[in-house]
Amino acid sequence: MLAAASLALLAARLYASSRIGFGDSEALYASYALHPQPAYLDHPGLIGVVARAVGDGTAPSPERAHVVTSLLATLVPWATAAACRACGATWRRSFAAAVIVALVPEMAIGLFAMTPDLLLALSWTGALALAAMGLRAPVGGGRAAFAFAGTGLLAGIAAASKVSGVLLLAALAVAYASRSARAHARTLAPWAGIAAGLVVIAPVVAFEARMGWPLLRHRLIETQTGAGFSLRNAGALAGGQLVYLSPPMVVMTAYAASAAWRGKSDAVGALLLSSCAVPATALVPLCLWSPVAEPHWVAPALLALAPAMARADAGPPRRLVVASCAIAGAMVAAVHAWVLVPQAVRLAPASYDARIDLANELYGWPDAVRAVRQEAELAHMDAVVVVSALAKITDQLLAMAAAAGEGNREKALELSRAARERHYNCACDLLGTHAFEQIAPELESDFNGLDELLRGVVAVGELTPRSTDTISGFGERVSSKIAAAAFSQRNIQAAVHRLPRGLADVRRR
């Protein structure tokens, strides 16, 4: 059954590779390939190294990247089966657990993309398998030493893929220090393995320290405006698991967590419990506290649950397993059909808005790249810098457009004033007072025009799609002028070029 599920998913992924482009996050990671460094604001630098390798020294094409990720994503359930077997499960139960993992939407869909999560899933699962082999091997023997060394290296790769991978190194230390693993803990091998993992991430730590810890500041400070525990965050975390795992799989996860707790008495059980509990202890509170948290952040804590369930004396009810696989498989098939079959939009309700359908962004990048290249050739430009709006500005623009459409003139203009002040402060900080005074009249004219458009929407009493597009694209138009002024101030000739109108048209309406 695992082979059938793998082949079906691989076929769908390879077909998708020829049909769709990069999502916005993938485009960011592809750009890392052009500027290799140990770490970036969002993630450590391994994803950039991989992207560069896939692209033969430059940014990879979407198709080439997706062919590689399709193959790697197909390997993840098989790595899970190997990890289950290494933890002491029978092959039959190992393959059964792997089928469940293969069909989980978070794995079946999410791992198709070229993201750090794919690298994390493979290295984390591999580390669990080798750690279990080491703990089950004779104490002080060569097999244990080899397994612990490989565990540490893979854990280091996990940490170099995503910051949360550091929690695996911590979980390994907790497992090795447990009472059931005491015999191995008295030898050098497990601790040497952790040291090897730290060596892997040493360049990332050194780079961060030299630069003033920008990744950590960005993740834990700069993006945490308005942070705090809230019911909204709790709802997003819980609701996200229902979507990412499917409702029956959430119940299955509870069974697996119970199995991990019951099996903690031996060394492998302690490993699986710590590999779940340590990440969960850090990531769940972070998701409940952070306003920018995403439900998949807690996924690393779930990777050890498949081996825990596979090696347990009693598994979940057969009906639950069948229902989980059926519903998760149906969700995966539905998402693939929605993205890959354009005619599926005919099933959408009348309220469907193509602009907020994330599937549409996968079809936009090839056209955007061609348009940018054509614009660059016509203007004889040596380099092109594509900018976006300031963080959260597009949301504010959509909010003021909605307020104007509802006739709330005061709210719309109040939001516009806040956006105006933020852009002025940003431009002044970036350019300095003198250079800001030179660009200020143009920015003032732009924002006055935005206010007039909002007043017009209120007067007409209707927010048309064209008005919405004009308002929502305002952030990019203004930020591009500020960026061009910043380049010019640094003696880099720069000009603002806008792509042809209609480029943002989606594949379906």
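The values are calculated or read from the model by the stated rules, or taken from the named source; none is laboratory data. Keep in mind the model is a prediction, meaning the values are calculated, not measured. Note: ideal-geometry Cβ built from the backbone for every residue, glycine included; neighbour counts use all protein chains shown. SASA here: full protein model, heavy atoms, side chains in, ligands and nucleic acids out. Shrake-Rupley method; radii C 1.70, N 1.55, O 1.52, S 1.80 Å.
Selection of first residues in the range 74-96 that are on the phi < 0 side of the Ramachandran plot and of second residues that are open to solvent by 10 Å² or more (accessible area, probe 1.4 Å) and outside any helix (DSSP H, G or I), restricted to Cβ pairs under 6 Å at least 6 apart or on distinct chains, gives the following pairs, ordered by first then second residue: CYS87/ARG311; ALA89/ARG311.
Across the range 202-220, a minimum of one residue is classified as over 23 Å from ARG93 (Cβ atoms) and part of a loop (DSSP other than H, G, I, E, B). Put simply, of ALA308, ALA323 the only residue that is part of a helix (DSSP H, G or I), buried (at least 18 other Cβ atoms within 10 Å of the Cβ) and touching a residue at least 12 places away in the same chain (Cβ under 8 Å) is ALA308.
I need the full set of residues from the range 278-300 which are touching a residue at least 60 places away in the same chain (Cβ under 8 Å) and assigned to a helix (DSSP H, G or I), in order please. VAL278, PRO279, ALA282, LEU283, TRP289, HIS296, TRP297, VAL298, ALA299, PRO300 - these are the residues of the range 278-300 that are touching a residue at least 60 places away in the same chain (Cβ under 8 Å) and assigned to a helix (DSSP H, G or I). The residue list ALA83, ALA96, ALA89 contains one member that is touching a helix residue (DSSP H, G or I) at 6+ places or on another chain (Cβ under 8 Å), at pLDDT below 95, open to solvent by less than 10 Å² (accessible area, probe 1.4 Å) and more than 20 Å from ASP42 (Cα to Cα), which is ALA89.
Results for (1) within 21 Å of GLY165 (Cα to Cα); (2) touching a helix residue (DSSP H, G or I) at 6+ places or on another chain (Cβ under 9 Å), shown as yes or no for each residue.
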| position | (1), (2) |
| --- | --- |
| ALA195 | yes, yes |
| ILE221 | yes, no |
| THR225 | no, no |
| VAL251 | no, yes |
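May I ask you to verify whether VAL50 is surrounded by fewer than 21 Cβ atoms within 10 Å (Cβ to Cβ), under 30 Å from VAL387 (Cα atoms) and of a type in the set (Val, Ile, Thr)? So VAL50 fails the test. Quick test for you: out of ALA293, ALA256, pick the one residue that is over 23 Å from HIS184 (Cα atoms), modelled with pLDDT under 90 and surrounded by 18 or more Cβ atoms within 10 Å (Cβ to Cβ). Going through ALA293, ALA256 in turn, just one is over 23 Å from HIS184 (Cα atoms), modelled with pLDDT under 90 and surrounded by 18 or more Cβ atoms within 10 Å (Cβ to Cβ): ALA293. When ALA328 is tested against (1) within 22 Å of the chain's Cα centre (by Cα); (2) surrounded by fewer than 18 Cβ atoms within 10 Å (Cβ to Cβ); (3) not basic (Lys, Arg), only condition (2) is not met. When the range 438-465 is filtered for residues that are open to solvent by 80 Å² or more (accessible area, probe 1.4 Å) and polar (S, T, N, Q), only GLN438 remains.
With respect to the conditions (1) of a type in the set (A, V, I, L, M); (2) buried (at least 21 other Cβ atoms within 10 Å of the Cβ); (3) within 15 Å of ASP117 (Cβ to Cβ), ALA33 falls short on a single one, namely (3).
Of all the residues in the range 217-228, those that are in contact (Cβ under 8 Å) with a residue 12 or more places away in the chain and either open to solvent by 50 Å² or more (accessible area, probe 1.4 Å) or touching a strand residue (DSSP E or B) at 6+ places or on another chain (Cβ under 8 Å) (or both) number 3. Residues in the range 311-320 that are assigned to a helix (DSSP H, G or I) and either small (Gly, Ala, Ser) or crowded, with 22+ Cβ neighbours inside 10 Å (or both): 0 in all. Among the residues of the range 362-417, those identified as among the polar types (S, T, N, Q) and open to solvent by less than 90 Å² (accessible area, probe 1.4 Å) are SER388, THR394, GLN396, ASN408, SER416. Can you find a residue in the range 149-167 that is free of Cβ contacts under 8 Å to residues at least 40 places away in the same chain, open to solvent by 10 Å² or more (accessible area, probe 1.4 Å) and in a loop (DSSP other than H, G, I, E, B)? Checked against the condition, which is being free of Cβ contacts under 8 Å to residues at least 40 places away in the same chain, open to solvent by 10 Å² or more (accessible area, probe 1.4 Å) and in a loop (DSSP other than H, G, I, E, B), the range 149-167 yields no hits at all. A residue that is at pLDDT 85 or above and buried (at least 17 other Cβ atoms within 10 Å of the Cβ) can be found somewhere in the range 339-351. Exactly one residue out of SER6, SER18, SER31, SER61 is without any contact (Cβ under 8 Å) to a residue 40 or more places away in the chain, hydroxyl-bearing (Ser, Thr, Tyr) and farther than 25 Å from GLU294 by Cα: that is SER61.
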